[in-house]
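*Asks:* Take a look at this one; I'll ask things after.
The values are calculated or read from the model by the stated rules, or taken from the named source; none is laboratory data. Everything quoted here is computed from the prediction, not taken from an experiment. Here the Cβ positions follow ideal geometry from the backbone for every residue, glycine too, while neighbour counts run over all protein chains shown. Accessible surface is based on the protein model in full, side chains and every heavy atom, while ligands, DNA and RNA are left aside. Shrake-Rupley method; radii C 1.70, N 1.55, O 1.52, S 1.80 Å.
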Amino acid sequence: MLDNTRLRIAMQKSGRLSDDSRELLTRCGIKINLQQQRLIAFAENMPIDILRVRDDDIPGLVMDGVVDLGIIGENVLEEEVLTRRAQGEDPQLSILRRLDFGGCRLSLAMPADSVYTGPECLDTKRIATSYPHLLKKYFDSKGLTFKSCLLNGSVEVAPRAGLSDAICDLVSTGATLEANGLREVDVIYRSKAVLIQRAGELSEDKQALVNRLMTRIQGVIQARESKYIMMHAPSDKLEQIIDLLPGAERPTVLPLAGDQSRLALHMVSSETLFWETMEKLKALGASSILVLPIEKMME
Ligand code: ATP
Ligand code: MG
């Protein structure tokens, strides 16, 4: 058995969430040596063990209390919750926070030449999907039914192979659908990666560690969404310049050595400074305009 005093976090071993999950944990200061084939990686500098598994297993590992935390797509989580409820279970877990990666949508798609006027078009039709419970929830909410064709891969080839009339699959750019002669007709669910925690109280030490981790995750995500903006600006244009700057925060204003007519402005902004705004700032006399990424933040 694993050491129960260490916080266990499950993440996808390889796939669309694995790089971002690993990067998030690394940016939170967790030193992990992820050797490719190992199921468990031990953090060197904190009492944390990382379990690397198929993403489908993560909700169950958290619901069953085998691990304390998990990083998983909401689509997979919700499908597992609905599956367990359909089996008469009452799955328990909490969502600690939504993360800033793994964005995708679960969509209905049909052969490109078919007519779609709404989900009613698909009433009683056969739909291929890996997410039968999410699809049923959507169809139930519309008072419609469908025949399921459960596929855990290659869903997009089902209509062409004559297995189904439509599909319900994950989409991010739509390129895969297009390549298979399909057209996205409706979005039924929007998903992102989430950090989840098992039900039940954690030990005092583990809870304190989770709290620290949450503060760091907040800092990492906030830093990724923010920019540090610096520039020199003419003193008499200060208010006009400030009006152009994105974000609600007022900038710090610093004097420039040996030049009373100009000032240095520094600010953290949660919005990007667009080229158009930079051009307007320059037209007002601003110079040395720098937009820098922020590595870490704590408020
Ligand atoms: P595993 O081998 O771990 O079971 P998988 O093949 O089931 O992996 P991936 O394709 O790696 O899963 O996708 C994992 C998750 O990434 C999805 O469940 C979804 O939440 C998210 N995701 C983000 N963009 C996309 C996309 N374009 N297509 C599919 N999933 C996406
Ligand atoms: Mg999977």
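*Asks:* Tell me the residue from Asp64, Asp55 that is among the acidic types (Asp, Glu), at pLDDT 95 or above, under 16 Å from the mean Cα position of the chain (by Cα) and within 30 Å of His133 (Cβ to Cβ), please. I'd like the intermediate steps shown before the answer.
*Replies:* On the way: Asp64 fails: under 16 Å from the mean Cα position of the chain (by Cα).
Going through Asp64, Asp55 in turn, the sole match is Asp55.
*Asks:* From the list Cys149, Cys121, Cys104, pick out the single residue that is touching a strand residue (DSSP E or B) at 6+ places or on another chain (Cβ under 9 Å), within 16 Å of ligand 2 (Cβ to nearest atom) and not basic (Lys, Arg). Can you show your working first?
*Replies:* Details: Cys149 fails: within 16 Å of ligand 2 (Cβ to nearest atom); Cys121 fails: within 16 Å of ligand 2 (Cβ to nearest atom).
From the options Cys149, Cys121, Cys104, the qualifying one is Cys104.
*Asks:* Give just the number: which of (1) open to solvent by less than 70 Å² (accessible area, probe 1.4 Å); (2) more than 24 Å from Gly143 (Cα to Cα); (3) more than 16 Å from ligand 1 (Cβ to nearest atom); (4) in a loop (DSSP other than H, G, I, E, B) does Phe101 not satisfy?
*Replies:* Of the numbered conditions (1) open to solvent by less than 70 Å² (accessible area, probe 1.4 Å); (2) more than 24 Å from Gly143 (Cα to Cα); (3) more than 16 Å from ligand 1 (Cβ to nearest atom); (4) in a loop (DSSP other than H, G, I, E, B), the odd one out for Phe101 is (3).
Every residue, every condition in (1) among the β-branched types (Val, Ile, Thr); (2) within 10 Å of ligand 1 (Cβ to nearest atom); (3) not in a helix (DSSP H, G or I), yes or no:
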position: Ile30; (1), (2), (3): yes, no, yes
position: Asn45; (1), (2), (3): no, no, yes
position: Arg52; (1), (2), (3): no, yes, yes
position: Ile58; (1), (2), (3): yes, yes, no
position: Leu77; (1), (2), (3): no, yes, no
position: Thr83; (1), (2), (3): yes, no, no
position: Leu106; (1), (2), (3): no, yes, yes
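*Asks:* Taking the criterion of being free of Cβ contacts under 8 Å to residues at least 40 places away in the same chain and of a type in the set (Asp, Glu), would at least one residue in the stretch 90-100 satisfy it? Quick ask: steps written out before the conclusion?
*Replies:* Step one: list which residues in the stretch 90-100 are free of Cβ contacts under 8 Å to residues at least 40 places away in the same chain, which gives 90-91.
Filter again for of a type in the set (Asp, Glu), leaving 90.
Checked the stretch 90-100: at least one residue is free of Cβ contacts under 8 Å to residues at least 40 places away in the same chain and of a type in the set (Asp, Glu).
*Asks:* Does any residue in the stretch 56-84 that is in contact (Cβ under 8 Å) with a residue 24 or more places away in the chain and within 13 Å of ligand 2 (Cβ to nearest atom) come within less than 7 Å, Cβ to Cβ, of a residue that is of a type in the set (Ser, Thr, Tyr) and not in a helix (DSSP H, G or I) six or more places away or on a different chain, and which pairs are these?
*Replies:* Going by the 7 Å Cβ cut-off, the qualifying pairs are Gly73/Ser191; Asn75/Tyr131; Asn75/Tyr189; Asn75/Ser191; Glu79/Tyr131.
*Asks:* Are there any pairs, at least 6 apart or on different chains, whose C-beta atoms fall under 6 Å, with the first in the stretch 247-272 and touching a residue at least 24 places away in the same chain (Cβ under 8 Å) and open to solvent by less than 50 Å² (accessible area, probe 1.4 Å) and the second among the hydroxyl-bearing types (Ser, Thr, Tyr) and outside any strand (DSSP E or B), and if so, which?
*Replies:* From residues that are touching a residue at least 24 places away in the same chain (Cβ under 8 Å) and open to solvent by less than 50 Å² (accessible area, probe 1.4 Å), the pairs are Gly247/Ser270; Leu263/Ser235.
*Asks:* If Leu292 satisfies every condition in (1) open to solvent by 50 Å² or more (accessible area, probe 1.4 Å); (2) farther than 28 Å from Ile221 by Cα but one, which is the exception?
*Replies:* It fails just one condition, (2).
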